[in-house]
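*Asks:* My questions all concern the structure below.
The values are calculated or read from the model by the stated rules, or taken from the named source; none is laboratory data. Bear in mind that the values here come from a model prediction, so they are computed numbers and not experimental data. Quick reminder, even Gly has a Cβ in these numbers, built from the backbone with ideal geometry, and neighbours come from all protein chains shown. The protein model used for the area step is the full one, side chains on, heavy atoms only, and it has no ligands, DNA or RNA in it. Shrake-Rupley method; radii C 1.70, N 1.55, O 1.52, S 1.80 Å.
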Amino acid sequence: MTGIKEDKAFSEQFEVKEDLGKGAFSIVRKVVHTSSGVDYAAKIINTKRLSARDLQKLEREVKICRMLQHNNIVRLHNVFQEGHVRYMIFDLITGGELFDDIVAREFYSEKDASSCIQQILDSVSYCHKMGIIHRDIKPENLLLSSKKPGASVKLADFGLAVETEKKKHYYGFAGTPGYLSPEVLRKEPYDKAVDLWACGVVLYILLVGYPPFWDDDQSKMFEQIKQGRYEYLSPEWDSVTDEVKKLIDGMLTMDPDKRITAEQALSHPWIKNRDKVASMMH
Ligand code: ADP
Ligand code: MG
């Protein structure tokens, strides 16, 4: 029981506090449900200038968020529309973006990276079982439940998520440049394997603090991705175990049909036998 009333307006029940984040169409702010004193995060969207297509996308995001209930996914509680403003009320996640945590720490130990990617894979595996492709997995859309070490990870932002078709399908050119898979860049029909590619990019970043594919010139970066050109540079990769490199290679496999699935990645020794593998690490 949240005590949030669907039949009462947003502004009668909530007080708006500070900004938490910003996206292309939305602003996310902390809000307090005044009668219970409970804090939430409200994704606030001005729908006035949105095209019919963008409105449809917004409905799709709401529908998909409502389908998903998982410990590693940000939970949507309610949606309010007041005039031209739409409020999506989510659990407040207070630890900030994984992005900022990587920047602050520079990189993760293998043990921490293994635990982090396991939680991400858990959420991705669940989405895939529910017939959802997220399409925008990246550290800005992964939130930490608190600032404490060992905080859990929550997947957020289903703004680009789609429901899967039975066969591979061209769902459109969508995502964030550095995380796009070769098949999306080639504008081929694709499937949930695109999320595993993005997980491979995230895991690589977690371990060294910089991305596998990068160039100031975006078209050159897209060439690197399409050719599957990434390296484990010396000296920073020298002390990293072969186990995790094999897992990254499984995720950054060019052929989406040969790419590791979320379920397979979860049974990979570097994840499953974390304590054993960790004892072999530097
Ligand atoms: P967009 O689709 O515009 O990218 P997001 O859903 O990614 O919007 O939200 C933008 C940012 O707001 C996130 O990157 C994050 O920093 C913050 N944010 C989103 N949801 C929450 C939440 N439930 N709790 C705390 N911060 C959040
Ligand atoms: Mg986002």
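*Asks:* Name the single residue that is farthest from Val153 (Cα to Cα) among those in the stretch 116-141 being in a loop (DSSP other than H, G, I, E, B) and away from ligand 1 (no atom under 16 Å from the Cβ).
*Replies:* Within the stretch 116-141, the match that is farthest from Val153 (Cα to Cα) is Gly131.
*Asks:* Let me ask something additional. Any idea which of (1) under 26 Å from Asp122 (Cα atoms); (2) within 15 Å of ligand 2 (Cβ to nearest atom) is the one Glu59 doesn't satisfy?
*Replies:* (2)
*Asks:* Could you check the stretch 102-132 and list, in sequence order, the residues that are without any contact (Cβ under 8 Å) to a residue 40 or more places away in the chain and open to solvent by less than 40 Å² (accessible area, probe 1.4 Å)?
*Replies:* Gly131
*Asks:* Can you tell which of Lys48, Lys57, Lys22 is over 19 Å from Lys154 (Cα atoms) and within 22 Å of the chain's Cα centre (by Cα)?
*Replies:* Lys57
*Asks:* Within the bounds of the stretch 49-66, is there any residue that is polar (S, T, N, Q), under 20 Å from Glu140 (Cα atoms) and out of contact with any Phe, Trp or Tyr (no Cβ under 7 Å at 6 or more places or on another chain)?
*Replies:* Looking through the stretch 49-66, none of the residues is polar (S, T, N, Q), under 20 Å from Glu140 (Cα atoms) and out of contact with any Phe, Trp or Tyr (no Cβ under 7 Å at 6 or more places or on another chain).
*Asks:* Right, next: Only one of these is open to solvent by 10 Å² or more (accessible area, probe 1.4 Å), within 10 Å of ligand 1 (Cβ to nearest atom) and in a helix (DSSP H, G or I): Phe90, Phe99. Name it.
*Replies:* Going through Phe90, Phe99 in turn, just one is open to solvent by 10 Å² or more (accessible area, probe 1.4 Å), within 10 Å of ligand 1 (Cβ to nearest atom) and in a helix (DSSP H, G or I): Phe99.
*Asks:* Take Lys187 and decide whether it is closer than 28 Å to Glu165 by Cβ and either over 21 Å from the mean Cα position of the chain (by Cα) or hydroxyl-bearing (Ser, Thr, Tyr) (or both).
*Replies:* yes
*Asks:* Turning to a different aspect of this structure: Please enumerate the residues belonging to the stretch 20-54 that are among the aromatic types (Phe, Trp, Tyr) and away from ligand 2 (no atom under 16 Å from the Cβ).
*Replies:* Scanning the stretch 20-54 gives a single hit, Tyr40.
*Asks:* In the stretch 271-280, how many residues are modelled with pLDDT under 90 and surrounded by 12 or more Cβ atoms within 10 Å (Cβ to Cβ)?
*Replies:* 3
*Asks:* Scan the stretch 78-100 and report the pairs whose first residue is more than 17 Å from Asn46 (Cα to Cα) and modelled with pLDDT of 95 or more and whose second residue is part of a helix (DSSP H, G or I) and among the charged types (D, E, K, R), with Cβ atoms within less than 7 Å and a gap of 6+ or a chain change.
*Replies:* Pairs found: Glu97/Glu140; Phe99/Glu140.
*Asks:* If a residue must be under 16 Å from Tyr179 (Cβ atoms) and over 21 Å from the mean Cα position of the chain (by Cα), how many such residues does the stretch 224-253 contain?
*Replies:* Of the residues in that region, 5 qualify.
*Asks:* Looking at Glu188, Glu165, Glu183, Glu110, which is the one that is away from ligand 2 (no atom under 16 Å from the Cβ), at pLDDT below 95 and of a type outside the set (Ser, Thr, Tyr)?
*Replies:* Glu165
*Asks:* Give Ala113, Ala151 a once-over and let me know the one that is over 22 Å from Gln264 (Cβ atoms) and either more than 10 Å from ligand 1 (Cβ to nearest atom) or part of a strand (DSSP E or B) (or both).
*Replies:* Just a single option satisfies the conditions, and that option is Ala151.
Let's see how each residue does on (1) within 16 Å of Gly21 (Cβ to Cβ); (2) touching a Pro at 6+ places or on another chain (Cβ under 8 Å); (3) within 16 Å of ligand 2 (Cβ to nearest atom):
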| site | (1), (2), (3) |
| --- | --- |
| Ile64 | no, no, yes |
| Met67 | no, no, no |
| Ile73 | no, no, yes |
| Val79 | no, no, no |
| Gly83 | no, no, no |
| Tyr87 | yes, no, no |
| Phe90 | yes, no, yes |
| Glu97 | yes, yes, yes |
| Val103 | yes, no, no |
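*Asks:* State yes or no: is Gly250 on the phi > 0 side of the Ramachandran plot, modelled with pLDDT of 95 or more and touching a helix residue (DSSP H, G or I) at 6+ places or on another chain (Cβ under 9 Å)?
*Replies:* no
*Asks:* Between a first residue in the stretch 13-24 that is within 19 Å of Gln81 (Cα to Cα) and among the β-branched types (Val, Ile, Thr) and a second residue that is within 14 Å of ligand 1 (Cβ to nearest atom) and part of a strand (DSSP E or B), which pairs have beta carbons less than 9 Å apart while being 6 or more apart in sequence or on different chains?
*Replies:* Val16/Arg29; Val16/Lys30; Val16/Val31; Val16/Val32; Val16/Ala42; Val16/Ile44
*Asks:* Here is a follow-up. Just checking, does the stretch 117-128 include any residue being farther than 16 Å from Gly200 by Cβ, among the aromatic types (Phe, Trp, Tyr), within 15 Å of ligand 2 (Cβ to nearest atom) and at pLDDT 95 or above?
*Replies:* Looking for residues that are farther than 16 Å from Gly200 by Cβ, among the aromatic types (Phe, Trp, Tyr), within 15 Å of ligand 2 (Cβ to nearest atom) and at pLDDT 95 or above, one finds none in the stretch 117-128, hence no.
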